[in-house]
Every structure is written in C-alpha cells, then in structure tokens.
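Remarks on the structure that follows.
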C-alpha cells in the first residue's frame, strides 16, 4: 500500500501548487502541514546546504522534497563524493520517506522503520528525499522528525561504517597512508584498550574502551575519569563481523562520529603506529604532528 498510494500521484507532483517554506536555514527545516491542510496534495521544495541537520514536519499533509547539497561551490563536483545518511527519531510518525529521482520513488523508511530509529544511507547523486504524508482523517499530534548527515564515500575507515554499503563491510587493516591520515583527520583519535563488548545488533556491536591518551575528539563521546583524570572511557561501534577481544594490546583508535555515536575506523596496534609515525616523521611525510609522548 505504501508504494501504490505514492505511485498514484507522484507523476502529478510537478503540477501541484508550490508552497513556500514555513521556516528553514542552511542546515535544518521546520514546517507545518496546517499551512496547507486544505490542499493535501501540496508539495514543498526545501533546499539545505550543510554537512548535517534536521527536518521536523508538524501535522504532515501532502509531501516535502528535501534537496541536500554539501556547502561547497556548485562547480566543484563534490556532490558525487558524498552519501546522505538519515536517522529518524523514534517518535517520528505520519509519513513514509522515499528517494526520488526524475519521478521514480524508492522506499527508504516506512513509518514502522522510523519507530525503530533505522538508519538509511544513499549516494547524494541518486536524488532527493521525498517525505510523503500518510493519508488520514486526524493529523493531530503527529510529527515527522529526521536527522541527516553528509558522509564522504571514501577516506580512512569509511569501509567500516555498515550503513554506507550494507553487506559489504570489510575488516581489512588500513594502509600505512590511511593510518597516518586517520590520526589527523578522523573525528576522534587516541590510544587505549578494548574492555568488553555490549549487546548490539546484527550489524554492529558497541565496544567499551578505555583510552590512556586522547589526541582529539570532535564531540564528547569519551568522558574523562580514572585516577587524577588521566584516562577516558566510552563506547565505539564496531561491525559485528570484525571480532575483537577484550584486554591485551594497546591500540591506536580512530574513527568517525555519526548521530552522536563513535564508529571505529583505522585501529592498528599502538606500537606499530609509533614505528610508522616516527619513520614518516624522519622522512618528512607526516600529514600532521601529534603528541605521542
């Protein structure tokens, strides 16, 4: 029924009355279906240019097309180098979410998927988000609420994020060049040990880690504690197929942060990283300097 109802009138989308945005900025949009409740087939066009943001649609009616672009020059061609990942809030309801390209629709999130907080990713070059309200007589107390991120297709550790390429996650070690770049450009980097694995999903498992040194972090996913505040602790998501063992060696831990959660990227043994870093430093090929003391 989801697909059939949408297909019934998607061919007429461009003929529907255009509606002005309720409120928006470069990163997020917030609107209300009450502004055009008498025109339930109205379609709003929203344009966002940001690396991350949100959409909040109160009392959804009709549909909203969300055009996402990176905050770069239009001629740079960077749009083809990104995926869009969307994550609904678990209270999100009242709509289905599609990927729309030249009038063709592909289901990304049903209303049931949204209630489970399911993450979906797609290439930015594949099209726009088409958020379609579910026809109903009572639209009160319904809110569609999504978060989005623009994620580079490639880079150190990108192969470890399971939502970019479902079923194609690889646990291969990063190359020397990827490790040196990861310690500079990742959302977080530090050295520490794996303490244990918490219950997760079929895709990934949260791993408890303790860091003896924290080189940098984009947001506070690791909290300081321990004796005299000299260690940091937190959780790092690891693909389920990448088996990890608690205790033992110290690792360089790098990775990305998506929707407030840390995801493991390049993670060589710390002693191996030190040898690599010192060798590159002597050769003058390090992309950046970090404190390894």
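A few notes on this one:
Results for (1) at negative phi; (2) touching a strand residue (DSSP E or B) at 6+ places or on another chain (Cβ under 9 Å), shown as yes or no for each residue.
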position	(1), (2)
154	yes, no
164	yes, yes
174	yes, yes
217	yes, yes
229	no, no
239	yes, yes
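- Condition broken by residue 249, with the remaining ones in (1) more than 16 Å from residue 273 (Cα to Cα); (2) surrounded by fewer than 17 Cβ atoms within 10 Å (Cβ to Cβ) satisfied: (1)
- Among residues of the stretch 94-119 that are without any contact (Cβ under 8 Å) to a residue 24 or more places away in the chain and assigned by TED's automatic domain parsing to the domain that holds residue 133, those with a beta-carbon under 6 Å from a residue that is surrounded by fewer than 19 Cβ atoms within 10 Å (Cβ to Cβ) and assigned to a loop (DSSP other than H, G, I, E, B) at least six positions away or on a different chain give the pairs 111/93.
- Residues within the stretch 256-293 that are outside any loop (DSSP other than H, G, I, E, B), free of Cβ contacts under 8 Å to residues at least 24 places away in the same chain and either within 20 Å of residue 208 (Cβ to Cβ) or touching a helix residue (DSSP H, G or I) at 6+ places or on another chain (Cβ under 7 Å) (or both), tallied: 1
- Residue under evaluation residue 216, criteria (1) in contact (Cβ under 8 Å) with a residue 12 or more places away in the chain; (2) closer than 27 Å to residue 89 by Cα; (3) surrounded by fewer than 17 Cβ atoms within 10 Å (Cβ to Cβ), criterion not met: (2)
- Test result for residue 130, under 22 Å from residue 48 (Cβ atoms), in contact with a strand residue (DSSP E or B) (Cβ under 6 Å, 6 or more places away or on another chain) and without any contact (Cβ under 8 Å) to a residue 40 or more places away in the chain: no
- Annotation: residue 258 fulfils all but one of (1) surrounded by 17 or more Cβ atoms within 10 Å (Cβ to Cβ); (2) over 20 Å from the mean Cα position of the chain (by Cα); (3) under 30 Å from residue 90 (Cα atoms); the unmet one is (2).
The values are calculated or read from the model by the stated rules, or taken from the named source; none is laboratory data. Here the structure is a predicted model, which is why all the values come from computation and not from measurement. Don't worry about glycine lacking a Cβ; one is built from the backbone with ideal geometry, like all the others, and counts go over all protein chains shown.
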